Amino acid sequence: MGVSIKIIGVTGPSGAGKSLFCTRLKKYGIETIDADEVYHSLLVPPSQCLDAIRNAFGDPVFSPDGSLDRSALGAVVFSSPEKLELLNKTVLGFVINKMEEMIASFESEGKKFVFVDAPTLIESGFNKKCHTVISILSPKETRISRIAVRDKITEEKAKERVMAQHSDEFYISHSDIVLENTNDEASFIEKTDGLLLSIGAIKNK
């Protein structure tokens, strides 16, 4: 990859508000890459990524038709930090390769910024390829409620997911910028716009 495009990494724990942040980016027409969407695109068989998951976790996380049973896999990895780490190690290489292809394409089109929304931005080492790393944080109880509603699961299950993730301190220590997102959506949008202005991704009207 060249160096003319600025790569901005966006990370943070599940339920913190990365999607809301990226929705704002799209409103301004800023290029974004959703690492989760890239990952899901790699799960369409035949797929080397799927083969690697089967080798790591076995047949129980697959449906009879050969597709990945995401609920079964989620039940495994969100109940064990070790299994979650194994999943990350298994799939991140495939995801990073695809994201680098996309960034190179944006750069060839003359884009000045691309924001990469990646829950495992830091764990994958991709943060080192970013000019700036932004972490979006939110109180644990707020995140639990959001996840339960978003994924239609019990708050107990949502809490398991939250507890399996890194602490706020982990994100803060690896970030250039931290955005706090409480339940005040208007305030968060105002913070987001202020940040985009400060780094030159948007201009004052």
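All of the numbers you see were taken from the coordinates with simple rules; none came from a lab. Given the structure is predicted, the values throughout are model-derived calculations rather than measurements. Heads up, the Cβs are rebuilt from the backbone with ideal geometry, glycines too, and the neighbour counts pull from every protein chain shown.
Considering only 105, 204, 134, whose Cα is most displaced toward the positive end of the charge dipole of the chain, charges sitting on Cβ of Lys, Arg (+1) and Asp, Glu (-1)? About the Cα centre, the residue reaching furthest to the positive side is 204. The charge dipole of the range 118-205, taken about its Cα centre with unit charges on the Cβ atoms of Lys, Arg (+1), Asp and Glu (-1) only, comes to about 340 debye. Determine the distance separating the Cα centre of the range 129-187 from the Cα centre of the range 59-121; give it in Å without decimals. After rounding, the separation between the Cα centres reads 18 Å.
Sorted largest first, the spans of the alpha carbon positions of the range 1-62 along the three principal axes are 43, 32, 17 Å. Applying D = kT/(6 pi eta Rh) to the range 143-205, where Rh is the Kirkwood radius over alpha-carbon pairs, T corresponds to 10 °C and eta to 1.306 mPa s, the Stokes-Einstein value obtained is 113 µm²/s.
Each Lys and Arg contributes +1 and each Asp and Glu -1, all at the Cβ; summed about the Cα centre of the range 16-169, the dipole is approximately 480 debye.
For the range 61-127, the dipole from Cβ point charges (+1 on Lys and Arg, -1 on Asp and Glu) about the Cα centre works out to 60 debye, to the nearest 20. Descending by average beta-carbon neighbour count within 10 Å, the peptides 182-192, 114-124 line up as 114-124, 182-192, the highest first. Cross-link check: pairs 26/83; 89/129; 98/203; 111/191; 129/157; 140/203 evaluated at a Cα-Cα cut-off of 28 Å; pairs beyond the cut-off: 26/83; 98/203; 129/157; 140/203.
The peptide list 46-52, 129-135, 15-21, put in order of mean Cβ contacts within 10 Å with the highest first, becomes 15-21, 129-135, 46-52.
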